[in-house]
Amino acid sequence: MKHAFLLSTVVLAGLLATPAHAADRASLDCMATELGPVEIAKYQHIVGDTLVADGTRQDAALAPVMAVVDTCKKKHGWSDAATHVASAILFARLARPAVEAALTSDGVSIATVERVYSGLPEAVRRDFTTPQASDASGVAAAQALIAARVDTSGRRARLIGMLIASLGIEEFWTARFAAA
């Protein structure tokens, strides 16, 4: 279980890994505004289905999303690095509904996983947003999930890892975006 959990967090964080640079945090909403609800739902489906199925993402299918990110970059004067962080945040936001739906359909309480995540030390939570999450962080999260009686069998371990990585991206990367 520990290895599947770590692998899923490493996969999501690795897909999202970028250096940190700053921009106005409020300008992150530009991406959702530019896409609109219909397009957001479409890309949530594309991103979510592929991540839930096999842990990959379809970059070619996401080209229109990246065009919106570039539009927001120009509109708000984001640096290249801030643009990369913004696209990672958007990707995590697009993936999360499908991951949550899959976990819910497998009988996992999202609220419980969120409580477990919130109870982890900051260093552990932050570690799950990096491509090389440590074994120690995986063990700490796994122990906390077991203590909370979260079923991590089968695909649940990978999906819980993705949810935890998504929570970490939202918690730490929005600050990265606005940091400099």
Exercise for review: Could you list the residues of the range 28-55 with an amide nitrogen less than 12 Å from a label point located 7 Å from the Cα of THR104 in the Cα-to-C-beta direction?
Suggested key: none
Exercise for review: Compute the length gained on full extension between GLN143 and ARG126: take 0.36 nm times their separation in residues and subtract their Cα-Cα distance, giving the result in nm to one decimal.
Suggested key: 4.4 nm
Check your understanding: How large is the dipole of the range 93-180 about the Cα centre if only Lys and Arg carry +1 and Asp and Glu carry -1, each at its Cβ, rounded to the nearest 20 debye?
Key -> 100 debye
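Compute the signed sum of charges (Lys and Arg +1, Asp and Glu -1) over the other residues within less than 14 Å, Cβ to Cβ, of GLU34.
On the way: positive: LYS42, LYS73, LYS74, LYS75, ARG93; negative: ASP29, GLU39, ASP70.
Value of the local net charge: +2.
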Exercise for review: Give me the aspartates and glutamates in straight-line cross-link reach of LYS74: C-alpha distance below 15 Å, same-chain residues under 8 apart excluded.
Suggested key: ASP24, ASP29, GLU34
Review point. What distance in nm separates the simple spin-label points at ALA53 and ALA26, each placed 7 Å from Cα in the Cβ direction?
Key: 4.1 nm
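In whole percent, how big is the carbon plus sulfur part of the accessible area of the range 111-154, probe 1.4 Å, protein atoms only?
54 percent
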Review point. Under a 1.4 Å probe, what is the accessible area of the range 84-180 per residue, stated in Å²?
Key: 40 Å²
Exercise for review: Once you have a ≥ b ≥ c as the square roots of the Cα gyration tensor eigenvalues for the range 84-168, tell me rounded if a/c is under 1.5, and otherwise prolate or oblate according to whether a/b is larger than b/c.
Suggested key: oblate
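The values are calculated or read from the model by the stated rules, or taken from the named source; none is laboratory data. Just so we're clear, the structure is a prediction, and the values are computed from it rather than from any experiment. Here the Cβ is made from the backbone with ideal geometry for all residues, glycine too, and neighbour counts use every protein chain on show. Accessible surface is based on the protein model in full, side chains and every heavy atom, while ligands, DNA and RNA are left aside. Shrake-Rupley method; radii C 1.70, N 1.55, O 1.52, S 1.80 Å.
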